[in-house]
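The values are calculated or read from the model by the stated rules, or taken from the named source; none is laboratory data. Because the structure is predicted, anything quoted here is derived from the model rather than measured. Cβ sites come from the backbone with ideal geometry, for glycine too, and all protein chains shown count toward neighbours.
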């Protein structure tokens, strides 16, 4: 078999080399001639993973080869357009496509026909392209998650600093308040209610000893004035001799 033959559908590889089909003939790439039921099963499993492929493959208005799996640029563009959750959903779909195609290939095909079947399809190369696209999905999503964590950390620190500054401002703006009891006592003290009356202090007195001396001085003054003293006796004149009295 030669790829120069226009009737032969060959398979292309990454190094741009054409590979002829493993065999010529209808369904010759299958392990055995399938029954009608097996043909229906082969077709159903084939359509299942192809239906999943159509949800994620590159379309015409996207940068890339139409019908191929998304590259890094397409993945990032879709994240901006549809969001990260949708992109992660596409990653899961791609995993199902890879698993479905591998199971289908190993279940029905001859090993030598994985690279190029009778219809000129390189199933092994297609699975390899899907795996490369899956690696791009994983890298992009990992970088996106790291960036999201750093942004959330910054916003948290900013919100904390803002709350701190707000609390400081409110503390500065609020007037200084004191307990109600103190304010009441102050108001009462100003109005004079509930306060002890001021004591009228007596003038300072001299010590007790000095007061006694005062009393003595008073008695002296009384003696001088004659108040409270015995009356003076009018003494008779002294006689010269008792005998004279007898005379």
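Residue 59 meets all of the listed conditions (1) assigned to a loop (DSSP other than H, G, I, E, B); (2) in contact with a helix residue (DSSP H, G or I) (Cβ under 7 Å, 6 or more places away or on another chain); (3) within 16 Å of residue 133 (Cα to Cα) but one, namely (2). Within the option set 184, 164, 172, being modelled with pLDDT under 90, more than 30 Å from residue 39 (Cβ to Cβ) and surrounded by 12 or more Cβ atoms within 10 Å (Cβ to Cβ) holds for one residue only, 184. Among the residues making up the stretch 66-94, those that are in a helix (DSSP H, G or I) and touching a residue at least 60 places away in the same chain (Cβ under 8 Å) are 72, 75, 76, 79, 84.
State whether one or more residues within the stretch 18-38 are in a helix (DSSP H, G or I) and surrounded by 12 or more Cβ atoms within 10 Å (Cβ to Cβ). So that I can check it myself, show each step before the final result.
Within the stretch 18-38, the first condition is being in a helix (DSSP H, G or I), and the residues that meet it are 36-38.
Now narrow it down to the ones that are surrounded by 12 or more Cβ atoms within 10 Å (Cβ to Cβ): 38.
Yes, the stretch 18-38 contains at least one residue that is in a helix (DSSP H, G or I) and surrounded by 12 or more Cβ atoms within 10 Å (Cβ to Cβ).
Of the listed requirements (1) touching a helix residue (DSSP H, G or I) at 6+ places or on another chain (Cβ under 9 Å); (2) exposed (fewer than 13 other Cβ atoms within 10 Å of the Cβ), residue 78 misses just one: (2). For the stretch 19-41, a tally of residues being over 18 Å from residue 108 (Cβ atoms) and touching a strand residue (DSSP E or B) at 6+ places or on another chain (Cβ under 6 Å) returns 1.
Considering only the stretch 111-128, state which residues are touching a residue at least 40 places away in the same chain (Cβ under 8 Å) and surrounded by 15 or more Cβ atoms within 10 Å (Cβ to Cβ). Within the stretch 111-128, 113, 115, 116, 117, 118, 120, 121, 122, 125 qualify.
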